[in-house]
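Working notes, structure below.
The values are calculated or read from the model by the stated rules, or taken from the named source; none is laboratory data. Values in this document were obtained by computation on a predicted structure and should not be read as measured data. Don't worry about glycine lacking a Cβ; one is built from the backbone with ideal geometry, like all the others, and counts go over all protein chains shown. Heads up: the accessible areas ignore ligands, DNA and RNA and are worked out on the full protein's heavy atoms, side chains in. Shrake-Rupley method; radii C 1.70, N 1.55, O 1.52, S 1.80 Å.
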Amino acid sequence: MRMSTQFTVSVQMLMLIMVFNDQKMTSEMLSASTGGNPVMIRQLFGKLKDAGILHISTGKGATALAKDPAEISLWDVYMAVEGYCASELFKFHPNISEGCQIGRFFKDILSVHLDEAVQAMAGKMSKISLAQLLAEWEVCQHTGQDECVR
């Protein structure tokens with residue numbers, strides 16, 4: 001399954017903002033770390049701000065989490081930057097034959113199962129907070145890479 005990089009870039013941005021909370025985080029700085037271009041970073045800033053995840057102070061350029069990291073789940077971030085629609089994750093060919101015995105009902109039958117798969121993903125991602133990721137990062141920082149990888 002192929003997805004855009006907006007979600008993973010957003011999570012990395014949020015981690016950087018949490019870790020370096022005493023520093024002004026510019027789109028150029030975040031771009032250098034995440035590999036995303038500064039325009040994409042600014043677009044993600046806007047989406048995360050609109051979702052109530054980020055607080056961006058204009059003028060000063062200060063960026064901070066709008067909520068406690070324990071209150072922000074990976075699913076919250078995913079929804080903010082990607083949105084949810086099973087049909088967006090799993091594409092059907094637009095010209096499925098309605099005259100075919102299989103094609104006529106194929107989308108209806110398979111869509112139910114694909115939606116369940118996305119709901120399972122949502123359930124798992126909803127249980128993982130930014131605070132948990134920060135704690136896992138701190139373990140990696142103290143123990144080294146070999147012990148960090150699960």
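Rolling a 1.4 Å sphere over the protein heavy atoms, what is the accessible area per residue of segment 1-50, to the nearest Å²?
On a per-residue basis, 57 Å².
What order, most packed first, do the peptides 25-33, 69-77 have when packing is the mean number of other Cβ atoms within 10 Å of each residue?
Listed from highest to lowest mean packing, they are 69-77, 25-33.
Return the carbon/sulfur percentage of the accessible area of the chain, one whole number, probe 1.4 Å, all protein chains in place.
Here it works out to 55 percent.
Report, in deg cm²/dmol and to the nearest 500, the calculated mean residue ellipticity at 222 nm for the chain, where each DSSP H run with n ≥ 4 adds -39500 (n - 2.57) and the sum is divided by the residue count.
-18000 deg cm²/dmol, from helical runs alone.
For segment 1-72, what D do you get in µm² per second when you plug the Kirkwood radius from alpha-carbon pairs into Stokes-Einstein at 37 °C and 0.692 mPa s?
267
What whole-number volume per residue, in cubic angstrom, does the convex hull of the C-alpha atoms of the chain give?
So the per-residue hull volume is 142 Å³.
Which order, highest average first, do 97-108, 129-140, 41-52 follow once you tally other Cβ atoms within 10 Å for each residue and take the mean per peptide?
Output ranking for 97-108, 129-140, 41-52: 41-52, 129-140, 97-108.
Evaluate E = 1/(1 + (r/R0)^6) for S57 and A122, where r is the Cβ-Cβ distance and R0 equals 30 Å; express this FRET efficiency to the nearest 0.05.
Efficiency for this residue pair is about 0.45.
Let me spell out the model: positive unit charges on the Cβ of Lys and Arg, negative unit charges on the Cβ of Asp and Glu, origin at the Cα centre of the chain. What dipole size does that give, in debye rounded to 20?
For the chain, the charge dipole is close to 360 debye.
Excluding residues fewer than 8 places away in the same chain, name every one of the lysines whose C-alpha is closer than 23 Å to that of K49.
In chain and number order, the partners are K24, K60, K67, K127.
Nearest 10 degrees is fine. How inclined is helix 38-50 to the longest principal axis of the chain, computing both from alpha carbons?
That works out to roughly 80 degrees.
How large is ³J(HN,Hα) for each residue in segment 125-138, as worked out from phi by the Karplus curve 6.51 cos²θ - 1.76 cosθ + 1.60 (θ = phi - 60°), to whole Hz, x for Gly and Pro?
5, 5, 8, 10, 9, 5, 4, 5, 4, 4, 5, 5, 5, 4
Quick one: net charge of E98's neighbours, Cβ under 11 Å, K/R +1, D/E -1?
Cβ neighbours under 11 Å give a net charge of +2.
Can you list residues whose amide H is under 5 Å from H55's amide H, if they're 5+ apart or on another chain and H is modeled 1.01 Å from N?
Those lying under 5 Å, H to H, from H55 are A64, L65, A66.
For segment 84-138, build the convex hull from the C-alpha positions and give me its volume per residue in Å³.
80
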